[in-house]
Amino acid sequence: MCRFRLVRRALRLPPGQWTRWASLALVIVALPLTRFTPLTARFSGGVLAVALMALSCIGNRDRLAWWWGFLIPIDYVAGVPSGLLDAARYGAVIWMCLRFLPDLSEARRPIVVRLATLVAVVGTIRGLASVARTDRFGMMIAAVMVVGALTAPFVAWRVRTHRTILAGFLGGVLLSAVVSLMQGADIPTLQYGNQEGNRFPGLASSTMLITWHLAFALIVAVYFLSQRSEPRFHRILAAVTIPVGLAALVGNGAQGGLLGLACAALAMLAFGWRSITPKNLVRYGAPALGVVVVIGALVVAGHIKTPTIDGLRGVGGYRNETARWTVAEEGARKLAEHPLVGVGRTNFEDEFGLAPHFLPLEAGITAGVVPFAVAMYLLWCLARVILRGPVGRRPEAWLGLALCAAMFGNTLTETGGPFTGLPRFSMLLIAVIACQGERWPAIDGSDDEEAAAAPEQQESATR
């Protein structure tokens, strides 16, 4: 009888609650078993997980935004086609457009249009040059950039989703960080690591990408913890993400995220140094120091690999950094030799083994000086947002400043940075309009009536 009572209680749960628990149970079971199950079982598990996500969103549009944010940092799961994850992401965006009305203020719309237009122009020129050379890889990168420029503004236009998307992003990064730590410990998990190279990308496409996911997630987590008005679930998720994310940050094998955190700290210090008091230093510094000490003790006691720190100490002779600097010099030289049409991305990579990890240079060697100049202007637009500081000084504006600064650091170490693809460009636009002073809707929805009344007030004022 007791068993039947439990079943009846489960059936009485709203669809969102029991599917959330079912999805969590599926992940917990899948983590240790994925290496020992056939590929068809993993694929079926991926389809089931996406289906459960979709089912949980019926009747709850906020959960739809949360799951979309959850999928942002997840690129690869062993045995699950990446096309399934892409289809889920783009399908969820269409669904969000149907469930949420655009609510971005008129004052912030021009910056979204400007950034999206510039990204689309860079991608289009690169695509045309790649088509002329029949460079398939170059065409694919250009297509991803253009598609991201066309779709990400639909997310940016719906400000009510932004807080929930960032919370979901924390959940996705937390899962990816756990997978990265399991890879480092050589424990069967959702994706394979590179044991020989000490590179543990979690569920991201590379360690170069997960390190930035971790940096962005840590910034968002600190924001949620600092705001007592945030939902308890967001704060608990943030509290778990910080120690796990820091451990994965020092253990994944790439150093870019540390640069992002340094850029964010520098921007916050530049605009907020007047607010620093001894009381605040003790209030926030003591817990931060405690977390670092605990993580350090766990790393030492558990003999956990720290390839990220090893790389900073020069283990390996800074091969990656030297190679990137050399290829940047070669990229500048090739652009100077072929300023009109460049040499083609694949041609350059075939000759030097690597493409420049800087968008303007990469665009220049692909298609010449025009996309190089447009990409430089694109970076300048992002720099201007940062130099202006947090407009209005609201909490979300400070979060936007920190994320924008970290993402600017990302542009210095990665080919496309935050400008390539729907998930990454959406995160950038969310950060930019928050830094520009866009007010997030109240958590309890108390401002819905004000928003609904605004058009009527405007119409009466016009009369």
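The values are calculated or read from the model by the stated rules, or taken from the named source; none is laboratory data. Please read all numbers here as calculations on a predicted model, not as lab measurements. Positions of Cβ are backbone-derived with ideal geometry, glycine not excepted, and every protein chain shown enters the neighbour counts. Side chains are part of the model used for accessible areas, which takes the heavy atoms of the whole protein and leaves out ligands, DNA and RNA. Shrake-Rupley method; radii C 1.70, N 1.55, O 1.52, S 1.80 Å.
Give region 217-230 a look and list any residue that's of a type outside the set (Asp, Glu) and open to solvent by less than 40 Å² (accessible area, probe 1.4 Å), or say none. Walk me through it before giving the result.
Here is the first cut: in region 217-230, the ones of a type outside the set (Asp, Glu) are 217-229.
Hits for region 217-230 are 217, 218, 219, 220, 221, 223, 224.
Among 200, 216, which is the only one that is modelled with pLDDT of 95 or more and touching a Gly at 6+ places or on another chain (Cβ under 8 Å)? Quick ask: steps written out before the conclusion?
Numbers: 200 fails: modelled with pLDDT of 95 or more.
From the options 200, 216, the qualifying one is 216.
Which of (1) modelled with pLDDT under 95; (2) more than 13 Å from the chain's Cα centre (by Cα) does residue 209 not meet, given it meets every other one?
With respect to (1) modelled with pLDDT under 95; (2) more than 13 Å from the chain's Cα centre (by Cα), residue 209 is out only on (2).
Within region 396-438, can you find the residues that are small (Gly, Ala, Ser), under 17 Å from residue 217 (Cβ atoms) and touching an Asp or Glu at 6+ places or on another chain (Cβ under 9 Å)?
400, 434
Go through region 236-264 and give me each residue that's within 15 Å of the chain's Cα centre (by Cα), open to solvent by 10 Å² or more (accessible area, probe 1.4 Å) and at pLDDT 90 or above.
Of everything in region 236-264, just one residue is within 15 Å of the chain's Cα centre (by Cα), open to solvent by 10 Å² or more (accessible area, probe 1.4 Å) and at pLDDT 90 or above, namely 261.
Every residue in region 352-373 that is surrounded by fewer than 18 Cβ atoms within 10 Å (Cβ to Cβ) and within 27 Å of residue 436 (Cβ to Cβ), please.
Of everything in region 352-373, just one residue is surrounded by fewer than 18 Cβ atoms within 10 Å (Cβ to Cβ) and within 27 Å of residue 436 (Cβ to Cβ), namely 373.
When you go through (1) under 20 Å from the mean Cα position of the chain (by Cα); (2) closer than 30 Å to residue 242 by Cβ; (3) open to solvent by 60 Å² or more (accessible area, probe 1.4 Å); (4) not small (Gly, Ala, Ser) one by one for residue 67, which number turns out not to apply?
It is condition (3) that residue 67 fails.
Condition first: small (Gly, Ala, Ser), closer than 12 Å to residue 246 by Cα, in contact with a helix residue (DSSP H, G or I) (Cβ under 6 Å, 6 or more places away or on another chain) and surrounded by 24 or more Cβ atoms within 10 Å (Cβ to Cβ). Can you find one or more residues in region 169-186 that meet it?
First pass over region 169-186, keeping only residues small (Gly, Ala, Ser): 171-172, 176-177, 180, 184-185.
Then drop every residue that is not closer than 12 Å to residue 246 by Cα, which leaves 177, 180.
Now narrow it down to the ones that are in contact with a helix residue (DSSP H, G or I) (Cβ under 6 Å, 6 or more places away or on another chain): 177, 180.
When the remaining residues are screened for being surrounded by 24 or more Cβ atoms within 10 Å (Cβ to Cβ), the result is 177, 180.
Yes, because at least one residue in region 169-186 is small (Gly, Ala, Ser), closer than 12 Å to residue 246 by Cα, in contact with a helix residue (DSSP H, G or I) (Cβ under 6 Å, 6 or more places away or on another chain) and surrounded by 24 or more Cβ atoms within 10 Å (Cβ to Cβ).
For region 337-399, which fully contained helices (runs of 4 or more DSSP H) count at least 1 residues that are touching a Pro at 6+ places or on another chain (Cβ under 6 Å) and within 26 Å of residue 326 (Cα to Cα)?
Numbers: elements: 345-352, 359-367, 369-388.
Filter on region 337-399 gives 359-367, 369-388.
Restricting to region 100-152, name every residue that is in contact with a Ser or Thr (Cβ under 9 Å, 6 or more places away or on another chain), part of a loop (DSSP other than H, G, I, E, B) and of a type in the set (Val, Ile, Thr).
Within region 100-152, no residue meets the criteria.
Given the options 117, 134, 151, name the one that is closer than 20 Å to residue 417 by Cβ and surrounded by fewer than 18 Cβ atoms within 10 Å (Cβ to Cβ). Steps first, answer last, please.
On the way: 134 fails: closer than 20 Å to residue 417 by Cβ; 151 fails: surrounded by fewer than 18 Cβ atoms within 10 Å (Cβ to Cβ).
Selected residue: 117, the only one of 117, 134, 151 that is closer than 20 Å to residue 417 by Cβ and surrounded by fewer than 18 Cβ atoms within 10 Å (Cβ to Cβ).
How many of the residues in region 70-109 are under 20 Å from the mean Cα position of the chain (by Cα), among the aromatic types (Phe, Trp, Tyr) and under 17 Å from residue 166 (Cβ atoms)?
1
Please go through region 80-100 and give me each residue that is open to solvent by less than 30 Å² (accessible area, probe 1.4 Å) and free of Cβ contacts under 8 Å to residues at least 60 places away in the same chain, ordered by number. Walk me through it before giving the result.
Of region 80-100, the ones open to solvent by less than 30 Å² (accessible area, probe 1.4 Å) are 80, 85, 88-89, 92-93, 96, 100.
Scanning region 80-100 gives 80, 85, 88, 92.
Which condition breaks for residue 414 when tested against (1) assigned to a loop (DSSP other than H, G, I, E, B); (2) free of Cβ contacts under 8 Å to residues at least 12 places away in the same chain?
Result: residue 414 passes all but (2).
When residues of region 387-408 are filtered for being surrounded by fewer than 24 Cβ atoms within 10 Å (Cβ to Cβ) and in contact with a Leu (Cβ under 7 Å, 6 or more places away or on another chain), how many remain? Give the derivation first.
From region 387-408, those surrounded by fewer than 24 Cβ atoms within 10 Å (Cβ to Cβ) are 387-389, 391-395, 397-398, 408; that's our starting set.
Going one step further and asking which of them are in contact with a Leu (Cβ under 7 Å, 6 or more places away or on another chain), we end up with 389, 408.
So the count comes out to 2.
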